[in-house]
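What follows is a single structure, written as structure tokens, with notes after it.
The values are calculated or read from the model by the stated rules, or taken from the named source; none is laboratory data. Treat the numbers as computed from the prediction; the structure is a model and nothing was measured. Methodologically, a virtual Cβ is constructed for each residue, glycine included, from the backbone with ideal geometry; neighbour enumeration extends over all protein chains shown.
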Amino acid sequence: MTKTNKATAVKPVVDIGIGTADRKAIAEGLNALLADTYALYQKTHAFHWNVEGPMFQTLHLMFEVHYNELWTATDLIAERIRSLGYPVRATYSELAKLTSIPESSGVPEATDMVRLLVEGHQAATRTARKIITVAERAADASTVDLLTQRLQTHEKTAWMLRSLLA
């Protein structure tokens, strides 16, 4: 039985038909989307726990559906980054640096929670939209498909939340 020396082990090449520069750019964009998704997950879950008022039942249940969907999305995004051959930026400090969604302090009123989540979903939409053009140019159909699904989900969720504020 031979022993593999880590210092001399050769890292396998990622050869999936997408050039290194494009894979890197897409992975960087996906890490930003992961950060937005994770920030939105945390915010939505915190609001689920803390919502009060006349819309409690509706919002409590809605937020639960939303945070479960966001949690699943974090895994899909992270696995796509790994499929491209790059590491997932997954520490709190890295995610905080990459997200475009500000943290909410304290416990906002229910309507403010809804407004903050609208802003968060719209921010995630903008982040996904930036990456999709890079993925399309690189003929990265897998990432385009993932981003299309994320765009549909964030846009629909933002619309539904905005409707509560009308």
Filter pass, THR74 being of a type in the set (Ser, Thr, Tyr), farther than 17 Å from MET160 by Cα and touching a Phe, Trp or Tyr at 6+ places or on another chain (Cβ under 8 Å): yes
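Would you point out which residue out of ASP36, ASP22, ASP15 is more than 30 Å from VAL118 (Cβ to Cβ), surrounded by 15 or more Cβ atoms within 10 Å (Cβ to Cβ) and either within 15 Å of the chain's Cα centre (by Cα) or not β-branched (Val, Ile, Thr) (or both)?
Details: ASP36 fails: more than 30 Å from VAL118 (Cβ to Cβ); ASP15 fails: surrounded by 15 or more Cβ atoms within 10 Å (Cβ to Cβ).
The match here is ASP22.
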Neighbours by Cβ (under 7 Å, 6+ apart or cross-chain): first from the range 151-166, under 19 Å from THR72 (Cβ atoms) and surrounded by 15 or more Cβ atoms within 10 Å (Cβ to Cβ); second of a type in the set (Lys, Arg) and modelled with pLDDT of 95 or more: LEU151/ARG129
Lone unmet requirement of (1) surrounded by 13 or more Cβ atoms within 10 Å (Cβ to Cβ); (2) touching a residue at least 24 places away in the same chain (Cβ under 8 Å); (3) under 20 Å from THR20 (Cβ atoms) for GLU136: (2)
Single unsatisfied condition, ALA46 versus (1) over 22 Å from THR153 (Cα atoms); (2) out of contact with any helix residue (DSSP H, G or I) (no Cβ under 8 Å at 6 or more places or on another chain); (3) in contact (Cβ under 8 Å) with a residue 12 or more places away in the chain: (1)
